[in-house]
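Colleague: Please find one structure pasted underneath; my questions will follow.
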Amino acid sequence: MREYQPAEIEPKWRQQWEKQKLYRAAEGGSRPKYYCLEMFPYPSGRLHMGHVRNYSLGDVVARFHRMRGYSVLHPIGWDAFGLPAENAALKRGIHPADWTWQNIGYMREQMKKLGLSYDWDRELATCDPEYYRWTQAIFLLFYERGLVYKAASRVNWCPGCHTVLANEQVEDGTCWRCHSPVEQRYLKQWFLKITEYAEPLLKDLERLQRWPERVRTMQANWIGRSEGAEIVFPIQGRSETLTVFTTRPDTLFGVTYMVVAPEHPLVDSLVKGPEAAAAVAALRQAQVPVTERERELAEKIGTPTGSYAINPANGRPIPIWVGNYVLMEYGTGAVMGVPAHDQRDFEFARKYHLPVEVVISPDGRPRDGEALSEAYVEAGQLVNSGPFDGLDNEEAKQKIVSWLEERGQGKARVQYRLRDWLISRQRYWGVPIPLVYCDRCGTIPVPREQLPVLLPREVDLQPGERSPLARVESFVHTTCPRCGGPASRETDTMDTFVDSSWYYLRYACSHDDRQALDPQRVNYWLPVDQYIGGVEHAILHLLYSRFFTKVLRDAGWLQFDEPFQSLFTQGMVTLGGSAMSKSKGNIVDPEDIIARYGADTARTFVLFAAPPDRDLEWSEAGVEGIYRFLQRVWRLVGEWTEADHSAAGAPSDRQLRRLLHRTIQRVTTDISERFNMNTAIAAIMELVNGLYAYRARPLVEQSASQIDESLRTLTVLLAPFAPFMAEELWQMLGGQGSVHEQSWPLVDPEALQEDQVTVVIQINGKVRDRIQVAAGLSREELQQTALASPKVQGVLDGRSPRQVVVVPNKIVNLVI
């Protein structure tokens with residue numbers, strides 16, 4: 001018998017599948033559609049084992065559904081814009097486009113070696129002008145719908161990447177990509193108004209029941225809906241006012257001071273005296289390099305302005321302070337201080353000797369605020385609150401808001417933690433923003449017929465105060481589309497998350513050169529039935545994609561408003577307990593594993609070694625174990641196909657048939673319902689062991705037809721996991737066509753029926769015996785059999801049970 005040689009069979013079948021276009025997706029027909037998608041990769045140069053795990057998971061799902069009769073769309077592409085290409089260009093002296101396309105070519109070859117069943121005809125890359133012309137068209141759609149604006153704001157600046165970062169891209173005060181400490185700067189930037197969709201983005205999470213609860217919770221917390229009131233505080237002796245948002249209008253009578261952000265536009269005019277001005281200036285300067293997150297976590301410090309506001313509830317003047325913990329970007333840039341009922345306010349008041357006024361009491365009796373050792377934050381009754389004394393504080397919230405509305409001093413309001421999405425980037429390798437500036441006409445969008453606005457090839461990528469595109473005169477200088485006069489182009493590029501917020505839609509019509517999306521084809525394939533990727537994208541990519549889908553639905557481009565029906569987030573591949581990374585030197589190259597053991601071994605190991613939602617610790621011994629298992633399967637089939645089994649004429653063995661159909665049931669359920677590829681493979685291993693045990697019998701006690709059926713079914717079950725070997729085994733067994741075009745085996749319920757079952761006998765709730773009986777015995781027969789048990793008779797000692805409870809095939813419970 002010839003040996004298992006992956007290096008021979010894998011290239012052969014890969015070439016055959018490509019020639020046949022075996023995995024090309026087709027719309028229409030009688031088959032139901034199924035869209036399986038893994039998050040597309042950044043073409044960094046080489047696949048790592050985390051990629052192999054992610055794509056192998058998706059490939060099992062896609063192959064499984066094809067064999068179950070679905071028309072499957074399983075595409076792949078490249079999230080190809082981004083800063084690493086620019087850094088590589090500077091380091092290696094190669095143009096970002098050349099570096100990117102070279103990497104795509106190498107990684108594409110690696111994916112094909114893995115036998116991933118992609119429809120390569122639909123391949124796309126976000127850096128391709130034929131893709132990003134439509135990214136620009138979608139930007140213009142957002143612009144026309146009032147969802148794009150430019151504003152000066154404090155931004156997160158990465159000095160390492162020389163670009164702005166969105167709030168979501170700052171992790172513990174550092175850049176998510178290069179981990180440099182993030183600085184704060186004020187720049188004019190372009191934003192997408194994701195806040196316009198805050199409520200539907202939050203509300204519709206309830207519809208995503210096939211998403212992990214963890215991801216839905218992360219998005220809900222990020223959106224951060226708060227119900228409360230907007231309250232207006234007059235400034236003493238001035239016409240201006242300060243507005244605050246609070247979720248605790250019931251504590252309004254207890255406000256004893258206000259705090260505004262150092263960046264608040266009224267700060268300079270509020271400051272009285274040179275001493276106060278110097279203190280405010282020092283506090284403001286100290287916040288310049290500090291990120292928003294650091295300010296939220298830092299010690300609360302402040303300084304008085306010398307000005308006062310008027311509490312609209314009781315008319316009392318209250319001091320206005322400047323504090324480091326108040327952020328201009330959140331809410332109104334001003335907060336009211338209620339030290340008796342907010343611990344943060346309490347600590348601030350004690351630190352700076354500000355008054356504490358109790359307005360909520362657990363028993364409705366007034367208390368001395370100066371005697372408090374901590375803020376009282378529980379429910380209670382209002383005190384020292386004028387006409388609202390005695391009210392339950394929850395009831396008082398609504399009554400006080402209504403009272404403020406009648407007086408024109410406030411109103412009910414819902415506020416969100418979510419901020420608008422800052423998309424401007426001061427880098428070269430990204431999608432140019434399709435806007436021009438004309439002195440006569442203002443900001444003008446580039447007409448759609450002039451898209452794409454192409455990136456210039458010749459560019460200086462050295463970091464500088466101006467972005468690379470701003471230094472390319474031939475790119476900057478253009479003509480106004482409206483008046484024909486001189487104009488200049490926008491030189492910022494878009495955040496690369498814009499590119500990935502709609503790519504899953506483009507796969508449905510990736511070669512359409514007339515429109516971004518073909519409604520008929522997109523609405524046929526979408527939404528994605530199964531999306532697979534890392535949980536690190538829970539907020540960024542997944543939230544942005546939901547936002548884009550809802551906007552495009554509202555624009556009439558789509559008939560659905562959620563892009564991904566089911567989401568699975570896989571764990572990482574680790575080595576030595578930590579995630580694989582080049583910097584740690586703990587990378588395992590898939591090329592090495594494929595060269596030594598074959599792609600089927602690499603795939604099967606990453607699917608078997610751990611539950612897919614948990615981290616997988618790399619084990620060379622584990623890889624060798626999977627290789628030995630595949631060799632056992634090879635020998636099992638090979639020995640049978642090459643042997644003379646004319647004497648194997650025994651009748652079908654019921655026990656082997658039961659094992660076969662139990663395996664079909666387990667593998668089917670594990671893939672389709674549980675996503676437990678590891679236990680599916682374990683079930684296949686048990687079947688292989690059972691077949692080896694059956695083959696060890698004398699040949700005359702074996703059934704040739706049953707062995708042939710079992711081996712063919714084994715091969716089909718193995719096909720999604722080890723596609724190359726399964727294809728070769730199918731041919732060895734004389735199968736017609738490709739194994740991947742075969743129908744998935746169905747479970748025969750009759751075959752699962754046990755001949756005998758174990759029944760537990762309890763007396764007064766205590767197990768006294770376990771007996772083997774024929775499956776399906778009637779209650780009466782089972783009761784008589786149980787009573788005849790010697791162990792039971794010994795306990796009964798001639799007595800008759802008062803009660804007998806019989807559960808067929810499971811238990812007999814006697815009460816004496």
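The values are calculated or read from the model by the stated rules, or taken from the named source; none is laboratory data. Small disclaimer: the values here were computed from a predicted structure and weren't measured. Neighbour counts run over all protein chains shown; Cβ positions are idealised from the backbone, glycine included. Heavy atoms of the whole protein, side chains included, go into the accessibility calculation; ligands, DNA and RNA do not. Shrake-Rupley method; radii C 1.70, N 1.55, O 1.52, S 1.80 Å.
Colleague: How far is the Cα center of the range 763-816 from the Cα center of the range 23-96, in Å?
Modeller: Measuring centre to centre over Cα atoms gives 59 Å.
Colleague: Compute the Rg to Rh ratio over the range 763-816 from the alpha carbon atoms, using the Kirkwood formula for Rh, and round to two decimal places.
Modeller: Here the Rg-to-Rh quotient is 0.92.
Colleague: Taking every pair of alpha-carbon atoms in the range 625-690, what share in percent sits in each 10 Å bin, from 0 to the bin with the longest distance?
Modeller: P(r) over the range 625-690, rounded to whole percents: 18, 39, 33, 9, 0.
Colleague: At a temperature of 20 °C and a viscosity of 1.002 mPa s, determine how fast the range 494-574 diffuses translationally according to Stokes-Einstein, using the Kirkwood radius over alpha-carbon pairs as Rh; express D in µm²/s, rounded to the nearest whole number.
Modeller: For the chosen part, D equals 160 µm²/s.
Colleague: Residue by residue through the range 70-78, what is 3J(HN,Hα) from phi via Karplus (6.51 cos²θ - 1.76 cosθ + 1.60, θ = phi - 60°)? Round to whole Hz and write x for glycine and proline.
Modeller: My calculation for the range 70-78 gives 8, 8, 9, 9, 9, x, 8, x, 9 Hz in order.
Colleague: Then there's this: From largest accessible area down, sort Glu449, Glu3, Glu686, Glu263; use a 1.4 Å probe on the protein chains.
Modeller: Glu449, Glu3, Glu686, Glu263
Colleague: Going by alpha carbons, how many degrees (0 to 90, nearest 10) lie between the helix axis of 129-144 and the longest principal axis of the chain?
Modeller: Tilt relative to the chain: about 50 degrees.
Colleague: Counting only C-alpha contacts under 8 Å and six or more residues apart, can you give the relative contact order of the range 388-543 as a whole percent?
Modeller: The normalised contact order for the range 388-543 reaches 21 percent.
Colleague: Continuing with this model, one more query. Work out the length of the dipole vector of the range 144-292 about its Cα centre, built from +1 on the beta-carbon of each Lys and Arg and -1 on the beta-carbon of each Asp and Glu, and round it to the nearest 20 debye.
Modeller: 300
Colleague: What does the range 572-714 give for Rg and for Dmax, in Å, if only its C-alpha atoms count?
Modeller: 18.3, 62
Colleague: Relative contact order of the range 723-781: what whole-number percent is it, with Cα pairs under 8 angstrom and at least 6 residues apart?
Modeller: 22
Colleague: What's the whole-number percent of alpha carbon pairs in the range 307-462 lying beyond 19 angstrom?
Modeller: Pairs farther apart than 19 Å: 71 percent.
Colleague: Using a 1.4 Å probe, what is the accessible area per residue for the range 1-101, in Å²?
Modeller: 40
Colleague: Arrange the peptides 687-695, 205-213, 713-721 so that the one whose residues have, on average, the most other Cβ atoms within 10 Å appears first.
Modeller: 713-721, 687-695, 205-213
Colleague: Check cross-link reach from Lys397 to the lysines: straight Cα distance under 26 Å, and skip same-chain residues fewer than eight apart.
Modeller: Lys203, Lys411
Colleague: Here's another thing I want to ask about it. Per Stokes-Einstein, at 37 °C and 0.692 mPa s, what whole-number D in µm² s⁻¹ belongs to the range 18-151, with the Kirkwood radius over Cα pairs as the hydrodynamic radius?
Modeller: After rounding, the answer is 194 µm²/s.
Colleague: Straight-line reach from Lys766: which lysines fall under 25 Å, measuring Cα to Cα and dropping same-chain residues less than 8 apart?
Modeller: Within reach: Lys791, Lys810.
Colleague: Of the listed peptides 662-670, 273-281, what is their order by residue-averaged count of other C-beta atoms within 10 Å, with the highest listed first?
Modeller: Packing proxy ranking, top to bottom: 662-670, 273-281.
Colleague: Now for a different question. What are the equivalent ellipsoid semi-axes of the range 192-349, built from the alpha-carbon gyration tensor (square roots of five times its eigenvalues), in whole angstrom, biggest first?
Modeller: Equivalent-ellipsoid dimensions as semi-axes: 32, 19, 14 Å.
Colleague: Sticking with this structure for a sec: For the pairs Lys188/Lys584; Lys91/Lys584; Lys300/Lys399, flag any whose C-alpha to C-alpha distance is greater than 30 Å.
Modeller: From Lys188/Lys584; Lys91/Lys584; Lys300/Lys399, over 30 Å: Lys188/Lys584; Lys300/Lys399.
Colleague: On a straight-distance basis, which lysines could pair with Lys19 in a cross-link, Cα separation under 16 angstrom, same-chain partners fewer than 8 positions away excluded?
Modeller: Lys112, Lys113
Colleague: For the range 752-768, list residues with backbone N below 11 Å from a point placed 7 Å from the Cα of Arg799 toward its Cβ?
Modeller: Under 11 Å, as judged by backbone N against the label point of Arg799, lie 764 of the range 752-768.
Colleague: Next question. For Rg and Dmax of the Cα atoms in Å, several values are listed as (i) 38.0, 167; (ii) 30.1, 98; (iii) 34.4, 112; flag the one computed from this structure.
Modeller: (iii)
Colleague: OK, next. Determine which residues of the range 724-752 fall in the zone a paramagnetic label at Leu22 would reach in this model, i.e. backbone nitrogen under 17 Å from the point 7 Å along Cα→Cβ.
Modeller: Backbone N within reach: 724-745.
Colleague: Still on this structure: Can you give me the accessible area per residue for the range 412-533, using a 1.4 Å probe, in Å²?
Modeller: Normalised by residue count, the accessible surface of the range 412-533 is 40 Å².
Colleague: Using helices alone, what [θ] at 222 nm do you get for the chain, with -39,500 (n - 2.57) per DSSP H run of 4 or more residues, divided over all residues and rounded to the nearest 500?
Modeller: -11000 deg cm²/dmol
Colleague: Next up: Give me the percent of DSSP beta bridges within the chain that run antiparallel, rounded to the nearest 5.
Modeller: 80
Colleague: Give me the accessible area of Thr174, 1.4 Å probe, in Å² rounded to the nearest 10.
Modeller: 40
Colleague: Please report, for the Cα atoms of the range 504-551, the Rg to one decimal and the Dmax as a whole number; what are they, in angstrom?
Modeller: Rg, Dmax (Cα atoms, Å): 12.2, 35.
Colleague: Give the Rg (one decimal place) followed by the Dmax (whole number) of the range 82-151, computed from C-alpha coordinates and expressed in Å.
Modeller: Radius of gyration, then largest Cα-Cα span, for the range 82-151: 16.5, 48 Å.
Colleague: Which distance in nm do the two modelled labels at Arg344 and Ser743 give, with both placed 7 Å along the Cα-to-Cβ direction?
Modeller: 6.3
Colleague: Now, a different point. On C-alpha positions alone, give me the angle between the axis of helix 723-732 and the longest principal axis of the chain, in degrees, nearest 10.
Modeller: The answer is roughly 20 degrees.
Colleague: Moving on to the next point. Treating the range 554-642 as a set of equal point scatterers at the Cα positions, no solvent, please give the Debye-formula log₁₀ I(q)/I(0) at q = 0.15, 0.18 Å⁻¹.
Modeller: -0.71, -0.86
Colleague: Suppose R0 equals 60 Å. What FRET efficiency, 1/(1 + (r/R0)^6) with r the Cβ-Cβ distance, do Gln102 and Glu275 give to the nearest 0.05?
Modeller: 0.45
Colleague: Express the accessible area of the range 545-652 per residue in Å², computed with a 1.4 Å probe while the remaining protein chains stay in the model.
Modeller: I get 41 Å² per residue for this part.
Colleague: Sort largest first and round to whole Å: the equivalent ellipsoid semi-axes of the range 280-381, each the square root of five times a Cα gyration tensor eigenvalue.
Modeller: So the equivalent ellipsoid measures 27, 16, 12 Å along its semi-axes.
Colleague: How high is the relative contact order of the chain? Use alpha-carbon pairs under 8 Å, at least six apart in sequence, and give a whole percent.
Modeller: Once divided by the residue count of the chain, the mean separation gives 13 percent.
Colleague: Using a 1.4 Å probe on the protein chains only, how many percent of the accessible area of the range 352-394 belongs to carbon and sulfur?
Modeller: 49
Colleague: Here is a further query. Sorted by average packing, counted as other Cβ atoms within 10 angstrom per residue and highest first, what order do 314-320, 302-308 take?
Modeller: Going from most to least packed, we get 302-308, 314-320.
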